Amino acid sequence: MATVEPKLILLFSGKRKSGKDYVTDLIHKRLGPDVCCILRLSGPLKQQYAQDHGLDFEELLGAGEYKEKYRADMIQWGEKQREKDPGFFCRVAIKAAQQSIWIVSDTRRLSDLQWFWREYPSQSRCVRVEASEETRRERGWEFTTGIDDAESECGLDQGVDFDWIIKNEGDGSQLEEQLATGLLSIAKQKAKED
């Protein structure tokens, strides 16, 4: 487990190219690195996958073609690992967390949420980032069978009561307003609590 008990855990989900990383990076900048950290469940998954398959871990972390080439197989491999131990990637991701606010930028499955709800019930909040298909296409998304219809993309489409739904369209002015009026103010308040 982590060495620091978190005051707030923001569990982000959303479709590919919805802008999860953009939103979580923005929140991280607003709160600051001494208050919050970004945790990626895909990081430990990609690291182990790269190690097991002799691949470049840094390239798998990027947003380019290298990752896309291995995405479908990596998803299947990750599912097999989760079947054996649903909390494995969650436990690895939080190990180095030292800050009081955790941002998990890539919760993709109900089992991810369930693990955090079970381990940190009072701190965990679910955030959904949404963007229209048109906006996602403008960002380079193209529907891919076996990826966009897999659990890793659709597992949280239903059955989750999100604490916040963030619309990430257009120039970002609405995004700033959405963050400032809800999520950021609560995170700042939690960070000040003893």
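Kindly establish whether residue 157 is open to solvent by less than 30 Å² (accessible area, probe 1.4 Å) and modelled with pLDDT of 90 or more. Please lay out each step first, then the result.
On the way: open to solvent by less than 30 Å² (accessible area, probe 1.4 Å): no; modelled with pLDDT of 90 or more: yes.
No: the conditions fail for residue 157.
Report yes if some residue within the stretch 92-99 is open to solvent by less than 10 Å² (accessible area, probe 1.4 Å) and over 16 Å from residue 6 (Cβ atoms); otherwise report no.
no
Among the residues of the stretch 140-167, write down those that are outside any loop (DSSP other than H, G, I, E, B), out of contact with any strand residue (DSSP E or B) (no Cβ under 6 Å at 6 or more places or on another chain) and either basic (Lys, Arg) or in contact (Cβ under 8 Å) with a residue 12 or more places away in the chain (or both).
Hits for the stretch 140-167 are 151, 152, 153.
Any idea which of (1) touching a residue at least 40 places away in the same chain (Cβ under 8 Å); (2) outside any helix (DSSP H, G or I); (3) within 17 Å of residue 135 (Cβ to Cβ) is the one residue 170 doesn't satisfy?
Tallying (1) touching a residue at least 40 places away in the same chain (Cβ under 8 Å); (2) outside any helix (DSSP H, G or I); (3) within 17 Å of residue 135 (Cβ to Cβ), residue 170 fails exactly one: (1).
Taking the stretch 156-171 on its own, how many of its residues are of a type outside the set (Asp, Glu) and either in contact with a helix residue (DSSP H, G or I) (Cβ under 6 Å, 6 or more places away or on another chain) or farther than 21 Å from residue 104 by Cα (or both)? Lay out the reasoning, then the answer.
Here is the first cut: in the stretch 156-171, the residues of a type outside the set (Asp, Glu) are 156, 158-160, 162, 164-168, 170.
Add one more test, that the residue is either in contact with a helix residue (DSSP H, G or I) (Cβ under 6 Å, 6 or more places away or on another chain) or farther than 21 Å from residue 104 by Cα (or both), and what stays is 164, 166, 168, 170.
Count: 4.
Condition check ((1) outside any loop (DSSP other than H, G, I, E, B); (2) open to solvent by 80 Å² or more (accessible area, probe 1.4 Å); (3) at pLDDT 90 or above; (4) of a type in the set (S, T, N, Q)) across all residues:
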{"position": "17", "(1), (2), (3), (4)": "no, yes, yes, no"}
{"position": "25", "(1), (2), (3), (4)": "yes, no, yes, no"}
{"position": "28", "(1), (2), (3), (4)": "yes, no, yes, no"}
{"position": "43", "(1), (2), (3), (4)": "yes, no, no, no"}
{"position": "48", "(1), (2), (3), (4)": "yes, no, no, yes"}
{"position": "72", "(1), (2), (3), (4)": "yes, no, no, no"}
{"position": "76", "(1), (2), (3), (4)": "yes, yes, no, yes"}
{"position": "81", "(1), (2), (3), (4)": "yes, no, no, yes"}
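With respect to the numbered conditions (1) surrounded by fewer than 16 Cβ atoms within 10 Å (Cβ to Cβ); (2) charged (D, E, K, R); (3) outside any helix (DSSP H, G or I), which one is the sole condition not fulfilled by residue 106?
(1)
The values are calculated or read from the model by the stated rules, or taken from the named source; none is laboratory data. Remember, it's a predicted structure, so these values are computed and weren't measured experimentally. Don't worry about glycine lacking a Cβ; one is built from the backbone with ideal geometry, like all the others, and counts go over all protein chains shown. Quick note on the areas: whole protein, heavy atoms, side chains included, nothing else; ligands and nucleic acids left out. Shrake-Rupley method; radii C 1.70, N 1.55, O 1.52, S 1.80 Å.
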